[in-house]
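A short write-up of the structure that comes next.
The values are calculated or read from the model by the stated rules, or taken from the named source; none is laboratory data. Computed from a prediction, not measured in an experiment: that's the story for all the values here. Cβ: placed from backbone, ideal geometry, glycine included. Neighbour counts: every protein chain shown. Only protein heavy atoms, including side chains, enter the accessible area calculation; ligands, DNA and RNA are left aside. Shrake-Rupley method; radii C 1.70, N 1.55, O 1.52, S 1.80 Å.
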Amino acid sequence: MEAPDLRRRSCFLGHRLMTLASPATLVEAPALVDRFGRVHTDLRVSVTDRCPLRCTYCVPASGSTPLPRTSSLTADEIVRAVRVAVAHGVTKVRLTGGEPLVRPDLELLVQRLAALRPRPELCLTTSGIGLADRAQLLFDAGLDRVTVSLDTLDPDEYTRLTGRDALHDVLAGIAALPRASTKVNAVMVRGLTEHAGPHLVDWALANDLELRFIEQMPLGGSPWHRSDMLTADELLTVLRTGHRLTETPDDTGAPARRYRVDDGPAHVGIIAAVTRPFCGDCSRLRLTADGQLRSCLFATDELDLRTVLRSGADDTEVADTLARCVAGKSAGHGIGHEGFRPPVRLMRAIGG
Ligand code: SAM
C-alpha cells in the first residue's frame with residue numbers, strides 16, 4: 001500500500017517539528033536549529049565526487065584524486081541519512097556532486113527519496129551532460145527541480161573552461177527539461193562572464209529560462225583573490241548596457257537577488273555569495289560524498305556520519321550527529337575575514 005503523503009501535515013511548534021504520522025498520532029522530533037536560531041530545512045547531498053568536467057574554478061590545474069569507492073556512501077546510506085534529516089524538519093534535498101548523473105542508479109535513488117514521508121522537495125544540480133536521455137526518467141522517478149550549470153554559450157570557451165567539448169550535450173539536456181522546473185546557474189569568471197553574461201541573458205529570455213549568476217568563491221580551483229574576482233556590482237553594470245534591470249523584492253529567503261528584465265515578466269538572479277553574503281538566513285546543511293556532515297561550504301570541521309551509519313547505531317544517533325553539526329555552525333562563511341582559509345576539500349566532494 002502506498003504511504004500517505006504527509007508533506008502538508010508537518011509543522012514547527014517552537015523549534016519542535018510535529019508530524020502527523022497517522023490520523024491519531026503526532027510524532028515530535030526536534031528541528032535542526034543552530035545557536036543563532038537558524039532552522040535547517042535544506043540538505044545538500046554530494047552523491048559522488050566524480051565528474052567528467054574539470055572546470056577551472058572548481059578543480060586545481062594539477063587535477064584531483066577521486067575518493068576510494070568504499071569511502072563513498074551507498075544509496076542505502078544516503079536514503080537513511082535523508083530519512084532521518086526529513087524527520088527532523090528537512091524539507092528540501094538537493095542531489096549534487098561531483099556530477100550526480102555519473103551514478104547509474106540516480107533514478108532509483110530519486111525514487112527512494114521521493115517515497116520518504118514527509119516527502120522532501122527533490123532537486124538536482126548537474127552539468128547537464130547526459131541529461132537529455134534521463135530527464136524524463138528522473139522526473140518520472142519524482143524529481144521536482146533541476147539546476148543546470150552553464151557559464152558560456154560559446155563552444156570553444158565552454159571547452160576551455162571545462163576541459164570537455166560538450167556544450168551541445170548540455171543544451172540538449174536543458175531542452176529536455178520542463179521550463180517551470182529548470183534554473184540555469186553561471187559562475188562569474190573574470191575575463192569570460194563580462195561578454196558571456198549578456199549572451200546568456202538573451203538566450204535565457206528567448207528560452208523562457210530562469211538564469212542566475214554566482215560570484216566565484218575560493219573553492220579549490222584556479223587561484224582566487226578577492227580583489228580579482230568579478231563582483232555582482234560589476235556584472236550588473238555590464239548587463240545594464242543591454243537591458244533595464246530592476247531589483248525586485250523577494251521574501252522567499254532565496255540567496256539570489258532578483259532583477260526584472262526590461263519591465264518583465266522575466267527575471268535574472270545574482271547570487272553575491274562573497275560581496276553580499278546571506279549567511280544570516282542560511283538553512284543549509286551538507287553531506288559530502290564520503291558521508292561527512294558540514295554546516296557550511298567553508299566549515300573547517302566535519303562530523304563523520306559515515307562511521308555512525310556503518311556502526312550499527314540507531315536513528316537517534318544519526319539524528320544526534322545532525323544536531324551536533326548544526327549546533328557547531330558559525331555565524332558566517334568568513335570569506336574576506338582575517339585568518340580565513342578555503343576548505344581543504346574540493347567543491348566536488350563537498351557538494352555544490
Ligand atoms: N556537476 C554538477 C554541476 O556541474 O552543476 C554539480 C556539482 S558543481 C560543484 C555545483 C555548482 O558549483 C556548479 O554550478 C558550479 O558551477 C559551482 N561551483 C563550483 N566551483 C565554484 C566556485 N569556485 N565558485 C562558485 N561556484 C562554484
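With all protein chains kept in place, the per residue accessible area of the range 291-352 amounts to 47 square angstrom at a probe of 1.4 angstrom.
Between 0 and 90 degrees, the angle of helix 75-87 with respect to the longest Cα principal axis of the chain falls at about 80 degrees.
Using the Karplus relation 6.51 cos²θ - 1.76 cosθ + 1.60 with θ = phi - 60°, the per-residue 3J(HN,Hα) values for the range 288-293 come to 6, 4, 9, x, 9, 8 Hz, with x marking Gly and Pro.
Based on alpha-carbon centroids, what's the gap between the range 75-140 and the range 141-192 in Å, whole number please? The range 75-140 and the range 141-192 have Cα centres spaced 19 Å from each other.
Gain in length, Ser71 to Asp315, computed as 0.36 nm per residue apart minus the alpha-carbon separation, to one decimal in nm? Write down the numbers at each step before the final one.
On the way: separation 244, 0.36 × 244 = 87.84 nm, distance 2.06 nm.
Contour length minus Cα-Cα distance gives 85.8 nm.
Where does helix 315-327 land angle-wise versus the long Cα axis of the chain, in degrees 0 to 90, nearest 10? Value to nearest ten degrees: 40. The magnitude of the dipole of the chain, with charges of +1 and -1 set on the Cβ of Lys/Arg and Asp/Glu and taken from the Cα centre, is near 680 debye.
Report note on the peptides 254-267, 40-53: ranked by the mean count of other C-beta atoms within 10 Å, highest first, their order is 40-53, 254-267.
For the range 141-279, the share of accessible area belonging to carbon and sulfur comes to 51 percent (1.4 Å probe, ligands and nucleic acids excluded).
So what is the relative contact order of the chain, in percent, for Cα pairs below 8 Å that sit 6 or more residues apart? Provide the component values of the computation, followed by the final result.
Numbers: 701 pairs, mean separation 73.5, N = 352.
Relative CO of the chain lands at 21 percent.
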